[in-house]
Amino acid sequence: MSIQSVKRALEILSLFSSEQPRMGVTEISRAMGLPKPTAHGLIQTMMDLGFLSRDPETRKYALGRKLYELGSVFTSNIRINQVGSMSAQQLAAKTGMTASLSIWDNGSVVMTFRGVSNYPNVQPQQFVSRFPAYCSSQGKAILSALSEDQLNRYLNTTPLIAFSPNTITDPKRLREELNQARDKGFAVDREEFIIGVSCMGAAVLDHTGSPVGAISISGKGELLFGDQMNRLASDLIQTAMEISYKMGYLPGIQIRAYAL
């Protein structure tokens, strides 16, 4: 049994996104299908508790500091962050790229850690926390490590929506790319989700050999896929191996060797 006011409060928080970071009370009441006084009462309570904040100039609402605090607690307790954040930071320093860790969550990928080198090639604001698996290097790396049944289930239930002119929306072509990623040990994203951001990702496996997350490096396409591509891919895969072993990956199961 759900408590209506709690359910409504959580639904209001879920309205905010990278695409819509601020909303007015009228927008919130309309999206929720609630009278403005009801919506305003819920908003005020959440503001009092720090879950929402209000811009004094626009008088619009945004997510509050309390959510950041809770998010920090959440990310610090994620296993892949606990065992892999140092490795990701070292990868960022070694490659000069931005290195990120993500987890697999209901068919999409959630970024949980980002390691930035001294000379990052991608600005932080170009990142979002959750993104579709089929058009991200981390997501495609995970998809390539799924069983055939799991992959079929994903492709049969996931609409391939274009986020950029480079997004792969043909299931057959996506399968071909996933097969290549499986053979090479890494997947690529050539500005398929965000124009100007290219990535290279490798899956992180657990003690059963199943993909639980991924690590990627991000930067400009000409740097990632240029003369240094072989070296960057090898560094990425080696780091994915290290983190997988720390996650309990069985040494008897070999992570696929890198091959172009």
Are there any pairs with C-beta distances below 8 angstrom linking a residue in the stretch 170-189 that is more than 12 Å from S137 (Cα to Cα) to a residue that is outside any helix (DSSP H, G or I) and of a type in the set (D, E), with the two at least 6 apart or on different chains, and if so which? none
Considering only residues of the stretch 23-51 that are aliphatic (A, V, I, L, M) and free of Cβ contacts under 8 Å to residues at least 24 places away in the same chain, which is nearest to R8 (Cα to Cα)? A31
Within the bounds of the stretch 51-63, is there any residue that is outside any helix (DSSP H, G or I), touching a Leu at 6+ places or on another chain (Cβ under 8 Å) and either in the same structural domain as D149 (by TED's automatic domain parsing) or under 22 Å from A240 (Cα atoms) (or both)? no
Of all residues in the stretch 151-178, which are within 22 Å of I215 (Cα to Cα) and touching a Ser or Thr at 6+ places or on another chain (Cβ under 9 Å)? L151, E177, L178
Restricting to the stretch 7-48, count the residues that are assigned to a strand (DSSP E or B) and on the phi > 0 side of the Ramachandran plot. 0
On the basis of being in contact (Cβ under 8 Å) with a residue 40 or more places away in the chain, more than 19 Å from L232 (Cα to Cα) and among the hydroxyl-bearing types (S, T, Y), does S144 make the cut? yes
Scan the stretch 83-103 and give yes if some residue there is more than 21 Å from the chain's Cα centre (by Cα), closer than 30 Å to S210 by Cα, assigned by TED's automatic domain parsing to the domain that holds V204 and in a helix (DSSP H, G or I), otherwise no. yes
Looking only at the stretch 115-133, and only at residues there that are surrounded by 20 or more Cβ atoms within 10 Å (Cβ to Cβ) and part of a strand (DSSP E or B), the one that is modelled with the lowest pLDDT: G115
Can you tell me how many residues within the stretch 23-63 are touching a Ser or Thr at 6+ places or on another chain (Cβ under 6 Å) and of a type in the set (S, T, Y)? 0
Over the stretch 228-250, the set of residues aliphatic (A, V, I, L, M) and either closer than 19 Å to V188 by Cα or within 22 Å of the chain's Cα centre (by Cα) (or both) is M229, L232, A233, L236, I237, A240, M241, I243, M247
So which residues in the stretch 69-102 are within 19 Å of R130 (Cβ to Cβ), surrounded by 22 or more Cβ atoms within 10 Å (Cβ to Cβ) and among the aliphatic types (A, V, I, L, M)? I80, A88, A99, L101
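The values are calculated or read from the model by the stated rules, or taken from the named source; none is laboratory data. Nothing here was measured: the structure is a model prediction, and the numbers come from that model. Heads up, the Cβs are rebuilt from the backbone with ideal geometry, glycines too, and the neighbour counts pull from every protein chain shown.
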